[in-house]
Amino acid sequence: MKILITGGTGLVGTRLAEMLVDAGHEVALLSREPGTGGPYHTFQWNPAAGTIDPAAVPYADAVVNLAGANVGEGRWTEARKKELLASRLGSLALLARELAKPGHRVHTVLSASAIGYYGNTGDRLATEDTPPAHDFLADLARQWEAAAAPIGALGLRLVLPRIGVVLSTKGGALLPLAGTVKWGLGAPIGNGQQYLSWIHIDDLCRLFIAMLADDAWRGPYNAVAPYPATNAAFTEVLADVLHRPLLLPKVPGFALKLALGEQSEVVLAGQRVSDAKVLAQGFEFDYPVLRGALKALYGAG
């Protein structure tokens, strides 16, 4: 297939493009900046302005939409919140407009979402049927998915992976966590009992490729590994894999709230999320267990 990726220069998009090419597919990227696609052909677009290279969508058999500003960067001021939302809704509105036009052969759109949809689940296991919560991240994910709905209404196959915490040594949440552990400053956050639903980046990309290849995948799926870990357990396993001691007490939640404000919910709220629907489709994880995933990433024996 020919796959067009938005957000293709980000953490997930970069690895996905590599794995798609390794699997025999052709890849092109949609980017606001020319020449940023590395070895891949790049089409230009500007979702804020509503402009796109008219050859972009006709190039593709399928589209993977990963576009959206990083929720982990910058404080959540009202202006930043608007930017986070606009970066998601604008790209989907532009894609829906182009896909409504004749003259293309796109049959599948995979549009990213996030497990932030469920809010703080506590010990409760969230499935794809669990309704969205009412905090900022949940509202962001809900509107993100709603913005993709017009694409499905066109008769195209629409898949909505709700992505968990992506484990990679190239970026994302693991880098700062591992950095503090390596310096002997690692500690559980808050009470340490909040769940972290994670996925190894290669498993995530393999899951995306499976979703693109098989028409049976439709609608939302939790893109998480089978065994969520509490924050305390995650920190302990990471320290063990990196051969570092954990010497500090827990980082108090009130300190994070003072430092980060509303954004502290990213680390203080937990999501215990089920992957049962993904397993029911026959997908098999290479890294179902946290220790194995971290050992693979850090080359630990």
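Just a few scattered comments:
- Meets criteria (closer than 19 Å to VAL165 by Cβ, surrounded by fewer than 23 Cβ atoms within 10 Å (Cβ to Cβ), touching a strand residue (DSSP E or B) at 6+ places or on another chain (Cβ under 7 Å) and of a type in the set (A, V, I, L, M)) for ALA114: yes
- Counting only helices (runs of 4 or more DSSP H) that fall entirely inside segment 1-110 and contain at least 3 residues that are without any contact (Cβ under 8 Å) to a residue 24 or more places away in the chain and closer than 27 Å to TYR221 by Cβ, the qualifying elements are 11-22.
- Whether a residue is at pLDDT 95 or above and closer than 27 Å to ALA276 by Cβ was assessed, and LEU89 does not pass this test.
- Taking the criterion of being under 17 Å from VAL273 (Cα atoms) and either surrounded by fewer than 17 Cβ atoms within 10 Å (Cβ to Cβ) or without any contact (Cβ under 8 Å) to a residue 40 or more places away in the chain (or both), the residues of segment 136-148 that qualify are ALA138, ALA141, ARG142.
- Candidate set from segment 59-82 (those that are surrounded by 15 or more Cβ atoms within 10 Å (Cβ to Cβ) and over 17 Å from ALA148 (Cα atoms)); member that is nearest to the chain's Cα centre (by Cα): VAL71
- Enumeration of residues in segment 179-227 that are modelled with pLDDT of 95 or more, assigned to a helix (DSSP H, G or I) and touching a Lys or Arg at 6+ places or on another chain (Cβ under 6 Å): ILE201, CYS205
- All of (1) closer than 30 Å to LEU212 by Cα; (2) modelled with pLDDT under 85; (3) of a type outside the set (Asp, Glu) hold for ILE163 with one exception: (2).
The rows are residues; the columns are (1) in contact with a His (Cβ under 9 Å, 6 or more places away or on another chain); (2) over 28 Å from PHE136 (Cβ atoms); (3) among the charged types (D, E, K, R).
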site	(1), (2), (3)
LEU20	no, yes, no
SER31	no, no, no
PRO34	no, yes, no
GLY38	no, yes, no
THR42	no, yes, no
ALA48	no, no, no
ALA62	yes, yes, no
VAL71	no, no, no
GLU78	no, no, yes
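The values are calculated or read from the model by the stated rules, or taken from the named source; none is laboratory data. Every value quoted in this text rests on a predicted model; they were computed, and no experiment measured them. Here the Cβ is made from the backbone with ideal geometry for all residues, glycine too, and neighbour counts use every protein chain on show.
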